[in-house]
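Reviewing the structure listed below.
Quick note: the coordinates plus some simple rules give every number you see, no bench work behind them. Values in this document were obtained by computation on a predicted structure and should not be read as measured data. Here the Cβ positions follow ideal geometry from the backbone for every residue, glycine too, while neighbour counts run over all protein chains shown.
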DNA sequence: TGTGGAAGTCATCAATTGTTGACTTAGGGT
DNA sequence: ACCCTAAGTCAACAATTGATGACTTCCACA
């Protein structure tokens, strides 16, 4: 959900054009999912012709893979104390308007879950760039299990908000939601450990 | 993800044909999402011509709405004690091969989240047929908030498993996952109440 | 037993989408 | 100043998809 620059008056620069395409594609994939994101619209956002995309990346699938590879550095999400992490995540999930660039990979994954090939690509990158750093940060014997749980919770919140931005809840209830989510994350992180 | 009968040799029966179409459509929508589910494939599954669908339901969107309206009785999920519910849900989420017919509505929702109109339809029905019964079963002042949290968790587990059926985990770890998920649900259900 | 209308099929249309190949244009090195 | 190559555009194709109207077939009822 990254803002996309107009790419005005910067012509004949393959590297920059390639980057514009990647940015526009990430935005479209995150917003609309693999299927609904059209090459022509991505190209229009990037300010180039649709043919360039197939030309540069080989095809839509390869573009998708390239976007995932360029996007998915969610590792920076995982730092600080457990309390800090829980609060930060809960706030991001409930309050931040359209999440964050760091969450693009999650949005892309969930919005593309129904496309078998896109799902396979995102599964692999999700494992290596999301769950593994998360498990490493969590630490301990069952870190991978906890990572899967928290990942599922984050994705679920993402889906919920994608379908229903305000969760059909009022302001006060959103505060409650954030607080309880924080507790839920903390409880999951801390269960059965010092 | 309901199995679909062959619909063999039962012709000239509008009501039954209509039901066959609904069953096939629910299956396809749940498996592939709104976009990827083609009217021709749905018709083939139901054993009728694709033209009949537009004829009976008016169009793809109306068919989707009809499927949601006919499917989403998730209310029966919500019964028993909190411990029983948590165990049942955790088992269903982690272990049951392709979930359950009762979860079709969830699958449809998450697989169709990227189609604005389908998302709007599923949001409304999800609220009335999933979150409201859930909140009612939960009870208490902040039941709606808790329902949103648990709903997100369930959806997230659904997405995770849709992308990655075994969570990249071994048997023993799946047991851990189920146990921890049960604890997570129970904790969320019980936080701040008797 | 015909006959009207519902149930179902077939052919086809219009729109969209990913992709390809031919074409044009810019710009730097000689 | 030329020209060769890379960068970019344009037009078009083939496949798919949802939708529509004309046609055919079957059943119930008079």
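Here are some notes:
- For region B:21-63, the residues whose amide N sits under 18 Å from a probe point set 7 Å from the Cα of residue B:12 along the beta carbon direction are B:48-49.
- Mean separation of Cα contacts under 8 Å (6+ apart) over length of region A:14-71, as relative contact order %: 38
- Take each residue of peptide B:117-128, count the partner chain Cβ atoms within 10 Å of its Cβ, and average: the result is 2.
- The rotation axis bringing chain A onto chain B passes closest to the chain A residue reported with its distance as A:156, 1, by C-beta distance in whole Å.
- Cα-based equivalent ellipsoid of region B:14-71: semi-axis lengths in Å, sorted from largest, via gyration tensor: 14, 12, 11
- Distance from the Cα centroid of region A:136-194 to that of region B:62-86 is 23 Å (rounded to whole angstrom).
- Here is how far apart the residue B:166 label points are across copies: 4.5 nm, shortest first, using a point 7 Å from Cα toward Cβ.
- Largest-first principal axis extents, alpha carbons of region B:35-194, Å: 55, 39, 25
- Annotation for residue B:40, label-to-label distances across the other copies: 2.1 nm (shortest first, one decimal, point 7 Å from Cα along Cα→Cβ).
- Spin-label model, residue A:51/residue A:79: points 7 Å from Cα along the beta carbon direction are separated by 4.6 nm.
- Average beta-carbon neighbours from other chains, 10 Å sphere, peptide A:175-181: 5
- Between A:149, A:22, A:125, the Gaussian network model of chain A with springs among Cα atoms under 10 angstrom shows the greatest mean-square fluctuation at A:149.
- Just checking the listed ones, B:168, B:105, B:160: in the Gaussian network model of chain B with Cα springs under 10 Å, the one fluctuating most is B:168.
- For the options A:169, A:77, A:63, a Gaussian network treatment of chain A with springs between C-alpha atoms closer than 10 Å singles out A:169 as fluctuating the most.
- Order of A:61, A:171 - criterion: other Cβ atoms within 10 Å of each residue's Cβ, fewest first: A:171, A:61
- Take every Cα pair under 8 Å whose residues are at least 6 apart in sequence, average their separation, divide by the length of chain B, and the relative contact order is 23 percent.
- Here the relative contact order of region B:110-181, from alpha carbon pairs under 8 Å that lie six or more residues apart, stands at 20 percent.
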